[in-house]
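Chemist: Here it is, the structure in full.
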Amino acid sequence: MAFRLDDGSRPARSALPSLPKTPTGIVGLDEITNGGLPTGRTTLICGSAGAGKTLFGIEFLVRGATQHGEPGVFFAFEETADELAKNVASLGFNLGQLAAKNLLSIDHILIDRSEIQETGEYSLDGLFVRLGAAIDGIGARRVVIDTPETLFAGFENQAILRSELARLFRWLKTKGVTAIVTGERGEGTLTRNGLEEYVSDCVIQLDHQVHDQISTRRLRIVKYRGSTHGTNDYPFLINEGGISVLPITSLGLYYEVSTERVSTGIAALDDMLDGKGYFRGSSVMISGGAGTGKTSMAASFADATCRRKEKCLYVALEESTSQIRRNMRSIGIDLERWTRKGLLAFSAERPTVFGLEMHLITIHKLIEEFQPSALIIDPISSLLSTGSPAEVKAMMVRLLDFLKTRQITAILTSLTPAELREDQQIGVSSLIDTWLQVRDMEAAGERNRAMYIIKSRGMRHSKQVREFQISDNGIQLLEMYSGPTRVVAGPGFGAAPGNGTAPSNGRGNRPRPRAGGRRTP
C-alpha cells in the first residue's frame with residue numbers, strides 16, 4: 001500500500017491496484033495486514049505448542065461465517081470435531097450451530113504414527129479428494145488445515161516432501177479458497193520441516209514468552225507477498241472474546257483534534273486554563289509526591305465528566321474500587337452514584353498481574369466495551385514494577401495514540417519521588433498536552449499543598465503557583481502561594497504588569513487562610 005500527500009493532513013491511498021484480501025475478523029489483525037489475508041492464497045500460521053495456532057484458524061472460519069457469510073472447512077489431524085467444539089465453546093463459538101447451517105465443516109483424519117511405514121511412491125491425492133469433497137459440499141470460501149506435518153511423520157525424502165507440500169498449496173489455489181495452514185515450530189526453523197514457510201504466500205508467527213514470571217503472547221508477520229504490512233512484534237490477547245491483536249502505534253499522526261473544552265472539575269483550575277479547562281481528547285498528566293492530591297484531582301475530573309452525562313473509565317493500579325470510593329466520599333465526591341448510573345466504570349488490578357502489553361490490550365478492550373469519553377490511569381508510575389522506563393514509555397506512546405484517534409481525554413497521575421525533579425522516571429512529558437505539578441511546600445512551620453501548570457499546549461494558561469486545600473467540600477485553590485519572604489508565583493490572568501507579584505500583607509507573605517479558613521493578620 002503506497003501513500004501520497006493529499007491535503008497535508010492525512011494520507012491518501014494510491015490509485016495503484018492492490019492485492020485482494022480476505023478480512024480475518026480478528027480484532028487488530030486486519031489493521032496490521034492492511035485488510036486481511038491474501039484472497040485465494042495460503043497463509044502459514046506457525047508457533048510452538050500453546051501459541052494459539054488452532055484457535056487462530058477456528059476464529060478465522062467463525063468470523064468469516066458469522067460476519068461475511070463465507071462457509072469454511074476445518075481439517076484436523078490431532079483433535080476431533082467434538083474436542084474442538086468443547087475447547088472453543090468458552091470463547092462463545094458455537095461450532096455445532098454453524099455446522100447445522102452448512103457454514104462450517106470439520107473433518108478429523110486420524111493418523112497413528114506408529115502404524116506409518118514408508119513404501120512405494122508418496123502422494124497426497126487421497127487428501128485432495130477428501131478435502132475437495134468437503135469444500136464442494138458446502139461451497140467453502142475458507143479452509144484451515146491444522147498441523148498437516150502429521151502426514152509426513154517418519155518421511156525422510158525432503159525432495160518429495162517439498163514437492164507434495166508445494167502441490168498442496170497449488171491445489172488450494174486452484175480451488176479458489178483462502179487457506180490457513182498451521183505448523184509447529186522446529187529447531188532453528190519456523191516449522192518442523194522448514195519448508196512450509198517458503199511455499200506460503202503469507203507467514204505469521206505466534207510466540208508465547210515469559211519474562212520475570214510474566215507471560216506475553218506476540219504475533220509477527222514474517223512475510224506477505226504482494227503487500228505491505230506491519231513488521232513489529234505485536235502483543236495479542238486470548239480471552240473470552242477470542243483473539244485481539246494490538247498494533248504498536250497508529251499508522252500515522254493523522255488523527256483529528258478538537259477545540260472543545262471540558263471542565264477539570266475544579267472551577268479555579270479551569271480559570272487557570274484560560275477559563276475553560278482541558279481540550280477534549282487531550283492527554284493530561286498530574287505528577288507529584290505521595291499525599292499531594294493527585295488522586296483527588298483525578299476523581300474531581302471523573303465527577304465532572306459524569307455530571308455532563310459522559311462516560312469515564314477509571315483504571316486503578318494501587319487502590320481497590322471500594323477504597324477509592326470511600327476516600328473520595330470524605331472530600332464530598334460521590335463516585336458510587338455514577339457507577340450505579342452506568343457512567344463510571346472501574347478496573348482495579350495490580351500492575352504485576354500481567355505484562356505491559358496485556359495491560360494495554362485490556363485497556364483497549366475495556367474502551368471498546370464501555371465507550372468512555374474520558375480515561376483515568378492512577379498512577380502510571382506503578383507500571384515501572386512491570387517494565388523498564390523505556391518499556392513503560394513505549395506502552396504510553398501506543399496508548400495515547402489510540403486515545404487521540406478516539407478523542408478520549410486522558411488523565412494520568414504519576415508519583416514523583418522527592419529527590420527527582422518533575423518527570424524524570426518515565427519520560428512521557430513530551431507526549432503530554434497539559435502537565436500539572438503538585439507538591440508539598442513547607443514554610444513557617446506549616447506544610448501546605450501547591451500546584452502549578454508546567455505546560456498546556458494550544459491555550460493561554462496561568463503561571464501562578466497556587467496553594468490548594470482538600471476538605472469535605474472538595475479541592476479549593478487559594479490565592480498565589482507565598483514563601484516566608486517573597487511570593488513564589490508568576491503573573492496570572494488579570495495580574496498587574498511589573499514584577500508579577502500580588503499585593504502582600506506588608507511582610508512579604510500573601511494572606512492565605514489557615515486550616516480553619518481564617519486569613520493571617
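The values are calculated or read from the model by the stated rules, or taken from the named source; none is laboratory data. Bear in mind that the values here come from a model prediction, so they are computed numbers and not experimental data. Heads up, the Cβs are rebuilt from the backbone with ideal geometry, glycines too, and the neighbour counts pull from every protein chain shown.
Chemist: For the structure I just gave you, tell me whether Ser123 is farther than 30 Å from Met358 by Cβ, modelled with pLDDT under 70 and either of a type outside the set (Asp, Glu) or surrounded by 15 or more Cβ atoms within 10 Å (Cβ to Cβ) (or both). Talk me through it step by step, then tell me what you get.
Modeler: Values: farther than 30 Å from Met358 by Cβ: yes; modelled with pLDDT under 70: yes; either of a type outside the set (Asp, Glu) or surrounded by 15 or more Cβ atoms within 10 Å (Cβ to Cβ) (or both): yes.
In short, yes.
Chemist: I would also like to ask the following. Being in contact with a Ser or Thr (Cβ under 7 Å, 6 or more places away or on another chain), assigned by TED's automatic domain parsing to the domain that holds Thr189, surrounded by fewer than 23 Cβ atoms within 10 Å (Cβ to Cβ) and at pLDDT below 95: is that true of Thr66 here? So that I can check it myself, show each step before the final result.
Modeler: Values: in contact with a Ser or Thr (Cβ under 7 Å, 6 or more places away or on another chain): no; assigned by TED's automatic domain parsing to the domain that holds Thr189: yes; surrounded by fewer than 23 Cβ atoms within 10 Å (Cβ to Cβ): yes; at pLDDT below 95: yes.
Against the criterion (in contact with a Ser or Thr (Cβ under 7 Å, 6 or more places away or on another chain), assigned by TED's automatic domain parsing to the domain that holds Thr189, surrounded by fewer than 23 Cβ atoms within 10 Å (Cβ to Cβ) and at pLDDT below 95), Thr66 does not qualify.
Chemist: Still on this structure, I have one more. Within the range 330-346, how many residues turn out to be among the small types (Gly, Ala, Ser) and touching a residue at least 40 places away in the same chain (Cβ under 8 Å)? Spell out how you get there, then give the answer.
Modeler: Pass one, the range 330-346, residues among the small types (Gly, Ala, Ser): 330, 332, 342, 345.
Subsequent filtering for residues that are touching a residue at least 40 places away in the same chain (Cβ under 8 Å) retains 330, 332.
Of the residues in that region, 2 qualify.
Chemist: Name the residues in the range 168-206 that are modelled with pLDDT of 75 or more and either over 26 Å from Gly40 (Cα atoms) or assigned to a loop (DSSP other than H, G, I, E, B) (or both), would you?
Modeler: Matches in the range 168-206: Lys175, Gly176, Val177, Arg185, Ser200, Asp201.
Chemist: Mind listing just one residue for me: the one in the range 207-230 that is outside any strand (DSSP E or B) and either surrounded by fewer than 19 Cβ atoms within 10 Å (Cβ to Cβ) or more than 22 Å from the chain's Cα centre (by Cα) (or both) and, of those, modelled with the highest pLDDT? Show your work before the answer.
Modeler: Going residue by residue through the range 207-230, those that are outside any strand (DSSP E or B) are 212-213, 225-230.
Then keep just the ones that are either surrounded by fewer than 19 Cβ atoms within 10 Å (Cβ to Cβ) or more than 22 Å from the chain's Cα centre (by Cα) (or both); that gives 212-213, 225-229.
Details: Asp212: 64, Gln213: 64, Arg225: 90, Gly226: 86, Ser227: 86, Thr228: 82, His229: 82.
The residue in question is Arg225.
Chemist: Ok, one more. In the range 31-56, what residues are under 23 Å from the mean Cα position of the chain (by Cα) and either modelled with pLDDT of 95 or more or assigned to a helix (DSSP H, G or I) (or both)?
Modeler: Glu31, Ile32, Lys53, Leu55, Phe56 - these are the residues of the range 31-56 that are under 23 Å from the mean Cα position of the chain (by Cα) and either modelled with pLDDT of 95 or more or assigned to a helix (DSSP H, G or I) (or both).
Chemist: For Ala302, are the conditions met, namely being outside any loop (DSSP other than H, G, I, E, B), closer than 18 Å to Leu343 by Cβ, hydrophobic (A, V, I, L, M, F, W, C) and touching a residue at least 40 places away in the same chain (Cβ under 8 Å)?
Modeler: yes
Chemist: For the range 74-84, how many residues are free of Cβ contacts under 8 Å to residues at least 60 places away in the same chain and either under 22 Å from Thr178 (Cα atoms) or not assigned by TED's automatic domain parsing to the domain that holds Thr150 (or both)?
Modeler: The number of residues fulfilling the criteria is 2.
Chemist: Can you pull out the residues in the range 415-458 that are buried (at least 21 other Cβ atoms within 10 Å of the Cβ), modelled with pLDDT under 90 and either outside the structural domain of Gly291 (by TED's automatic domain parsing) or in contact with a helix residue (DSSP H, G or I) (Cβ under 7 Å, 6 or more places away or on another chain) (or both)?
Modeler: Residues satisfying the conditions are Ile426, Val428.
Conditions tested, residue by residue: (1) closer than 21 Å to Glu368 by Cβ; (2) assigned by TED's automatic domain parsing to the domain that holds Ala450; (3) not basic (Lys, Arg).
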residue	(1), (2), (3)
Gly293	no, yes, yes
Ala298	no, yes, yes
Phe301	no, yes, yes
Thr305	yes, yes, yes
Lys309	yes, yes, no
Cys312	yes, yes, yes
Glu318	no, yes, yes
Met328	no, yes, yes
Gly332	no, yes, yes
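Conditions (1) in contact with a Lys or Arg (Cβ under 7 Å, 6 or more places away or on another chain); (2) closer than 23 Å to Asp472 by Cβ; (3) buried (at least 16 other Cβ atoms within 10 Å of the Cβ), marked per residue:
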site	(1), (2), (3)
Ser320	no, yes, no
Ser330	no, yes, no
Asp334	no, yes, no
Thr362	no, no, yes
Glu369	no, no, no
Gly387	no, no, yes
Ala394	no, no, yes
Phe402	no, no, yes
Thr409	yes, no, yes
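Chemist: Right, another one. Looking at the structure I just gave you, is Gly281 within 25 Å of the chain's Cα centre (by Cα) and at positive phi? Steps first, please.
Modeler: On the way: within 25 Å of the chain's Cα centre (by Cα): yes; at positive phi: yes.
Yes, satisfied.
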